[in-house]
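A.B. asks: This is the structure I want to talk about, given as structure tokens.
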Amino acid sequence: MDSMLSGEGEFDSRFEDLADGSTLPGISEGEIIVIRSKRRKKNISAYRQGGRIVVSIPARMSKADERAMVPEMVAKIRAQEAANTMSETALAERIGELLVELAPEITLRPSTVTWRGMRERWGSCTGVDRTIRISDRLKGAPDYALDYVLFHEAIHLQYFDHGAEFKELLARFPKAELATAYLDGYEAAETALAAPEALKKLLSSQ
Ligand SMILES: [Zn+2]
């Protein structure tokens, strides 16, 4: 899942003239975590961790070099993610394939399938206009996990609730157990990384 990139320390000084403490261009607060590692001599690496990008740099790297290197590493991670992300057209096509293969009795197709920033749900389907939304947390997820959510929402085109017919169709998905384990594991990790207040609230409500 995590994409690792590393590059040698050849620096570009584009950002050196920024005043200390100013925000790096194109980066929103809290999205990037920079870790200074004593074990690193000159390598810099970056990887995605949930909603954040972690950049690990040598402990002795100068602030000016950090300003130059970090945006480059972040841009590489984003470009790699964009290349690995299915287009919305491809999502709709995949839904068609899953229905033909696993539930040919459903002939309805979504009018649109869109990526959406959703934290609480993995996907949603509005039956009346046949629109499907998929959480962008699934960008870069294993195929079986994305397929499972796509198939779940596709069944909702025909059955709006999670009744017996719905469950019977969903049970045809071959890797349901693996997919559920992935999705539950992702949510557990997100909860563990949540702000202390949010975590307390979750724990006290159990
Ligand atoms: Zn559902």
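The values are calculated or read from the model by the stated rules, or taken from the named source; none is laboratory data. These figures come from a predicted structure and were not determined experimentally. In this analysis, Cβ positions are derived from the backbone assuming ideal geometry, glycine residues included, and neighbour counts consider all displayed protein chains.
A.B. asks: For the stretch 30-53, indicate whether the set of residues that are acidic (Asp, Glu), at pLDDT below 80 and within 18 Å of the chain's Cα centre (by Cα) is non-empty. So that I can check it myself, show each step before the final result.
C.D. replies: Pass one, the stretch 30-53, residues acidic (Asp, Glu): 31.
Those still in the list that are at pLDDT below 80 too: 31.
Remaining after also requiring within 18 Å of the chain's Cα centre (by Cα): 31.
So far as the stretch 30-53 goes, yes, one or more of its residues are acidic (Asp, Glu), at pLDDT below 80 and within 18 Å of the chain's Cα centre (by Cα).
A.B. asks: Does ILE106 satisfy being among the β-branched types (Val, Ile, Thr), assigned to a loop (DSSP other than H, G, I, E, B) and modelled with pLDDT under 90?
C.D. replies: On the way: among the β-branched types (Val, Ile, Thr): yes; assigned to a loop (DSSP other than H, G, I, E, B): yes; modelled with pLDDT under 90: no.
Here the answer is no, as ILE106 does not meet what is asked.
A.B. asks: Going by the structure shown, is ALA198 within 16 Å of GLY50 (Cβ to Cβ) and modelled with pLDDT under 95?
C.D. replies: In short, yes.
A.B. asks: Do you know which residues across the stretch 158-175 are within 11 Å of the ligand (Cβ to nearest atom) and either of a type in the set (A, V, I, L, M) or outside the structural domain of LEU108 (by TED's automatic domain parsing) (or both)?
C.D. replies: Within the stretch 158-175, just LEU170 meets the criteria.
A.B. asks: Taking the stretch 113-153 as the search range and keeping residues that are among the small types (Gly, Ala, Ser) and modelled with pLDDT of 95 or more, which one is farthest from the ligand (Cβ to nearest atom)?
C.D. replies: ALA145
A.B. asks: Scan the stretch 79-93 and give yes if some residue there is at pLDDT 80 or above, surrounded by 12 or more Cβ atoms within 10 Å (Cβ to Cβ), touching a helix residue (DSSP H, G or I) at 6+ places or on another chain (Cβ under 7 Å) and over 30 Å from LEU146 (Cα atoms), otherwise no.
C.D. replies: no
A.B. asks: Can you go through LEU138, LEU108, LEU99, LEU146 and tell me which one is touching a residue at least 60 places away in the same chain (Cβ under 8 Å), in the same structural domain as THR180 (by TED's automatic domain parsing) and of a type in the set (A, V, I, L, M, F, W, C)?
C.D. replies: Every option except LEU146 fails the conditions.
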